[in-house]
Structures are given as structure tokens and as C-alpha cells.
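Q: Okay, handing you the structure first.
The values are calculated or read from the model by the stated rules, or taken from the named source; none is laboratory data. Not measured: the values here are computed from a predicted model. Glycine also receives a Cβ, built like all others from the backbone with ideal geometry; neighbour counts cover every protein chain displayed. Areas reflect the complete protein model, heavy atoms only, side chains present, ligands, DNA and RNA absent. Shrake-Rupley method; radii C 1.70, N 1.55, O 1.52, S 1.80 Å.
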Amino acid sequence: MRVITVKQKRVYLDNSATTVVDPEVIREMHPYFSDVYGNASSFHYFGRQAKMALNSARKKIADILNAESEEIFFSGCGTESDNIAIFGIVNAHHKKSHVVTTKIEHHAVLYACKYLEKNGYEVTYLDVDSDGVVSVEDFKKAVKDNTLLVTIMHANNEVGSIQPIENIAVELKRINKKRKNKIYFHTDAVQTAGKVRLNVKKLGIDLLTMSAHKFNGPKGIGALYVKKGVNVSPITFGGHHENGLRPGTENIPYIVGFAKALEVSLNRIEEYDKKVFALREKLKKGILDIIPEVVINGSCNKAVSNILNVSFNYIEGESLLLMLDMKGVAVSTGSACASGSSEPSHVLSAMCVNPILAQGAIRFSFDCHNTEEDVDYVLEVLPRIVSNLRLMSPVYDQKTFKGKNRS
Ligand SMILES: *Cc1c(COP(=O)(O)O)cnc(C)c1O
């Protein structure tokens, strides 16, 4: 008997969760698994080869960021870099100090700050406006005598909103001039690295987090920029790797992959931006044209070009995600780390999105590998899924396309 299997069409629109590894990156990494496999700390030939690869990757990344090689530290992921930045600054300086962050940080920062609070530190979580952007004025008001660290993400991973990092850095410089205890500035740039030209000097920050798998590099490799002269304590202890800040044998293939992925991304950055912007706008327009009762979360003008966050009224985002998955379309509700919990997204809550609408939010996130056909396919399957789910909704009136009176 012949079994006919129809291959399910697959459209990946969850590139803010992770991206495919670029073939050029894989090619570059490959020899470092098999030929150049030495430990970069060894003094023999094998070790020296590995060390050379490590140095050259570090230099490449430093050059791209307008930093020095000594300012780049590799870690296991973006989460680890965020943790090293936060606990590293806090531990290296006066205890029981005050930290300023925002309500829309990734959990890697948010939960690190919650942990600080549990241990007697004071933390201010700044509000954001309806576009998901913090205000420089609010930041200025939040600074106290014992403030030690400001950690504000560059672009948000759920709605893409870009934060005014440069303006905050200018204010911070002004504030720092008038005080004895310097306030340090960290930014989680995981969602902008490889998508926006990052210049650490222009940004005016002291520490910056990146993660390779968000820009077509391998998973499990992160980096932290630490400005020269900024004292950061390690959070794990061992050898002298990464100047003692992050002990553990360096993962040379992944580090090489990180540098290559950043280089490849930046070489095509204009092309990338044009492409993902056009795809996002096409999907946005298509959804707004065809599907009633939808709300775009955040302002696409103050955001990275590859994220579209949409709320579908009268629908649970989780159900929509599962139905789209059955049709081969991969999206996310809020952030991947938050799915599985039915709590509304902390980001949408901070933006004061109505909780019912927040429950119906879906994040579509693009990459330069996506095509117009991908968007056409989504626009073909999405309207029916939405109307089917709404038919099951007890609060949706199909005739008027409006909510039924909930009294
Ligand atoms: C993905 C992400 C992280 C975590 O990076 P990992 O390498 O997955 O640990 C941190 N911050 C933001 C904004 C992210 O999008």
C-alpha cells in the first residue's frame, strides 16, 4: 500500500524567540569542532590555534561595536550576560544600593532585579507609555542618592519598542558629574544586536548584552560589553578565562559563530531592515483590512522593524497559536519564556493594554529568510482561524462583529 504523506507547509514567524543559523556561520564554525579543537588556555600548538580564533572573534565583535577587545566578554547566553552585568556591578560596589529598571524587561533582567529586592536591595521599575517606551523624565525622577545601576533594554522583545538609551545616557552623565558614587548603565541589546548598528560609545552605556541566536548565530553563546575601568565581579568562580569574569573553557566554535553571525548580519543590515519592514507592514495591513476587532500593540514607528504584536479581540492568544501551528505557522504569545503560563504579558500590562485584549495577543517576528509568500499564506489561513475561534467565544456576536453585552 502506498502511503501518501502531504508535507505540511511551514512558515516560521517567531524570529524574536530564535533564528535559523546562517549557512555561512555554520561553515565558519565547522573546523573548530574537528580540526582546531584545542583548549584556548593550553600553551601548545593546539591551544595557540584556538586562542588565535578566540582573539580574532573578540576583535571582530569589538570593532563592530566601536569597542576594544578587552571590553568584550563571552558567556553562555544573553540571560547569563544580563545576570553578570547586574550582579557583577552590585557585588563589586556598595551593598544594599538602589537599581533602576523598567516594567518591560526580559525576565533575565526582571527576575534578577526581583532577586535583588528579596535580598534587601531597592529597585524602581519604570512605567512605559502605550507605545512601550520609558520616559527620560521618569528616569530622572527615579534616581536616588544610593542608586548604583540603571538597566534598561534597548528594544523590547514582545512589541519591539526602542528605548531612548542615548538620551538617558546623556542625562546620566550629567547626574554622574554631580555625585561621588557613579551610577552604571547597562542595556540588554539582545533584540537590536545584528539588526541595528550598535555603537557603544554613541549609546553611552557601560555594559551591553548580546546573544548570537537572535541574529542567525548559534544558541548558547552570549557576550557582554564592559567599558574599560568599570569594575564587575564574577558570579561564578574558577579559572582565569575571560579575564576571570566568566570562568570556564571558552566555546571556540560558538564564539567564532557569534562573530561571524554579527558580521554577516551587519553586512546585510540595510537589506534586512528593508525586507522585514516590508513584510511586517504587508502583514499588518492585511490583518487590519481583513479581520475586524484587532489592535496593534505598540507603535511600529518607535520600534525595531521585525516585530508585529497584534491583539485579536474575543480570542485567547494560546488557542490562536495552537491553531496557527496546526496550519504550519509558528508564532508566539508574548515571549516564549512566558508561554505556558496564562498570565497576561507583563509587557502589555505595563503598556496598559486592556487585560482581555492582552490575552488575545500574538507576536509575529520576521527574519530576512521570510518571504512575501509566507505573509500571503498567513493571510490566507488566519482570518478563518480567527472567525472559527470567535464562533466558540461566548462573548462574540457574529452578526455585528462586536462583543455581546457581558452583563
Ligand atoms: C532572548 C532574549 C534574552 C535571553 O537570551 P538567551 O541567549 O536566550 O538567554 C534576553 N533579553 C532579551 C531582550 C531577549 O530577547
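Q: Binning at 5 Å from 0, report for region 268-375 what percent of all alpha-carbon pair distances ends up in each bin.
A: 2, 12, 22, 26, 20, 13, 5, 1
Q: Select from 319, 308, 6 the residue farthest towards the positive end of the dipole of the chain; place +1 on Cβ of Lys and Arg, -1 on Cβ of Asp and Glu, and compute about the Cα centre.
A: 308
Q: Still on this structure: On a full-extension model of 0.36 nm per residue, what is the gain between residue 330 and residue 388, subtracting their alpha-carbon distance, rounded to one decimal in nm? Don't jump to the answer; show the numbers that get you there.
A: Working: separation 58, 0.36 × 58 = 20.88 nm, distance 1.87 nm.
Here the segment from residue 330 to residue 388 would lengthen by 19.0 nm.
Q: Also, I was wondering about something else. Mind checking which lysines have their C-alpha under 17 Å from residue 260, skipping anything on the same chain fewer than 8 residues away?
A: Answer for residue 260, where 17 Å is the Cα cut-off: 51, 59, 60, 195, 214, 219, listed by chain and number.
Q: Continuing with this model, one more query. Percent of accessible area on region 23-267 owned by carbon and sulfur, 1.4 Å probe?
A: Using a 1.4 Å probe with all protein chains present, region 23-267 comes out at 52 percent carbon and sulfur.
Q: Of 98, 109, 386, which is farthest towards the positive pole of the chain's charge dipole, taken about the Cα centre with +1 and -1 on the beta-carbons of Lys, Arg and Asp, Glu respectively?
A: 98
Q: Could you pull out every residue, at least 5 positions away or on a different chain, whose amide H is within less than 5 Å of the one on residue 329? Hs are placed 1.01 Å off N in the peptide plane, and Pro or chain starts have none.
A: When sequence neighbours closer than 5 places are left aside, the close amide H contacts are 11.
Q: Counting other Cβ atoms within 10 Å of each Cβ, which chymotrypsin sites (Phe, Trp or Tyr not before Pro) in region 1-100 have at most 13 and sit in a DSSP loop?
A: Numbers: sites: 12, 32, 33, 37, 43, 45, 46, 73, 74, 87; in loops: 37, 43.
The qualifying sites are 37, 43.
Q: Counting Lys and Arg as +1 and Asp and Glu as -1, each charge on the Cβ, what is the dipole of the chain about the Cα centre in debye, to the nearest 20?
A: On the way: 51 positive and 45 negative charges, 127 e Å.
With only Lys, Arg, Asp and Glu charged at Cβ, the dipole is about 620 debye.
Q: Under 18 Å from a point placed 7 Å out from the Cα of residue 30 along the Cα-to-Cβ direction: which residues of region 209-224 have their backbone N that close?
A: Once the point is set 7 Å along Cα→Cβ of residue 30, 217-218 turn out to lie under 18 Å by backbone N, inside region 209-224.
Q: Region 167-217 to region 274-300: how many Å between their Cα centroids?
A: Cα centroid of region 167-217 versus Cα centroid of region 274-300: 30 Å apart.
Q: Tilt of helix 252-267 relative to the longest C-alpha principal axis of the chain, in degrees (0 to 90, nearest 10)?
A: Compared with the principal axis, the helix lies near 60 degrees.
Q: Using θ = phi - 60° and the Karplus curve 6.51 cos²θ - 1.76 cosθ + 1.60, what whole-Hz ³J(HN,Hα) does each residue of region 224-236 get, with Gly and Pro shown as x?
A: 10, 8, 10, 4, 3, x, 7, 8, 10, 8, x, 10, 10
Q: Note down the relative contact order for the chain as a percent, whole number, built from C-alpha pairs under 8 angstrom at least six residues apart.
A: Details: 788 pairs, mean separation 87.2, N = 407.
Result for the chain is 21 percent.
Q: What is the count of Lys pairs in region 269-391 whose alpha carbons sit under 19 Å apart, if the two are 8 or more places apart or on different chains?
A: Counting lysine pairs in region 269-391 gives 10.
Q: I've got another one for you. Is it possible to state the helix-based mean residue ellipticity at 222 nm for the chain, with each DSSP H run of 4+ residues giving -39500 (n - 2.57), the sum divided by total residues, to the nearest 500 deg cm²/dmol? What is it? Can you show the working numbers first?
A: Working: 14 runs with 162 residues, N = 407.
Calculated at 222 nm, the ellipticity per residue is -12000 deg cm²/dmol.
Q: Still on this structure: In nm, give the distance between the simple-model label positions of residue 174 and residue 289, each being 7 Å from the Cα along the Cα-to-Cβ direction.
A: Using points 7 Å along Cα→Cβ, the separation is 4.6 nm.
Q: Sticking with this one: Skip the ligands, DNA and RNA, and give the accessible area per residue of the chain with a 1.4 Å probe, whole Å². Intermediate results must be reported in sequence, preceding the final value.
A: Working: 18660 Å² over 407 residues.
Heavy-atom accessible area per residue stands at 46 Å².
Q: Shifting gears a bit: When the convex hull of the Cα atoms of region 81-153 is projected onto a plane and the area is averaged over all directions, what value comes out in nm²?
A: On the way: hull surface 18.5 nm².
Spelled out: convex hull of the Cα atoms, projected over all directions, averaged, 4.6 nm².
Q: Relative contact order for region 201-291 using alpha-carbon pairs under 8 Å, separation at least 6, rounded to a whole percent?
A: Values: 78 pairs, mean separation 20.3, N = 91.
It comes to 22 percent, rounded to a whole number.
Q: Using alpha-carbon pairs under 8 Å, 6+ residues apart, how would you state the relative contact order of region 269-391 in percent?
A: Numbers: 155 pairs, mean separation 42.5, N = 123.
Computed over region 269-391, the figure is 35 percent.
Q: Report the calculated FRET efficiency for residue 270 and residue 2 (r = Cβ-Cβ distance, R0 = 56 Å), to the nearest 0.05.
A: Numbers: r = 49 Å, r/R0 = 0.88.
Efficiency, from the Cβ-Cβ distance: 0.70.
Q: Accessible area of region 269-391 with a 1.4 Å probe: how many percent of it is carbon plus sulfur?
A: On the way: 2830 of 5210 Å².
Answer for region 269-391: carbon and sulfur cover 54 percent of the accessible area.
Q: Of 278, 42, 169, which is farthest on the positive side of the dipole of the chain, counting Cα position, with +1 on Lys and Arg Cβ, -1 on Asp and Glu Cβ, and the Cα centre as origin?
A: The residue sitting farthest along the positive end of the dipole is 169.
Q: Out of all Cα-Cα pairs in the chain, roughly what percent, to the nearest whole number, are more than 31 Å apart?
A: Numbers: 34829 of 82621 pairs.
Roughly 42 percent, once rounded to a whole number.
Q: Moving on. Can you list the lysines whose alpha carbon is less than 22 Å from that of residue 96, not counting same-chain residues fewer than 8 positions off?
A: 114, 118, 140, 141, 144, 178, 180, 182
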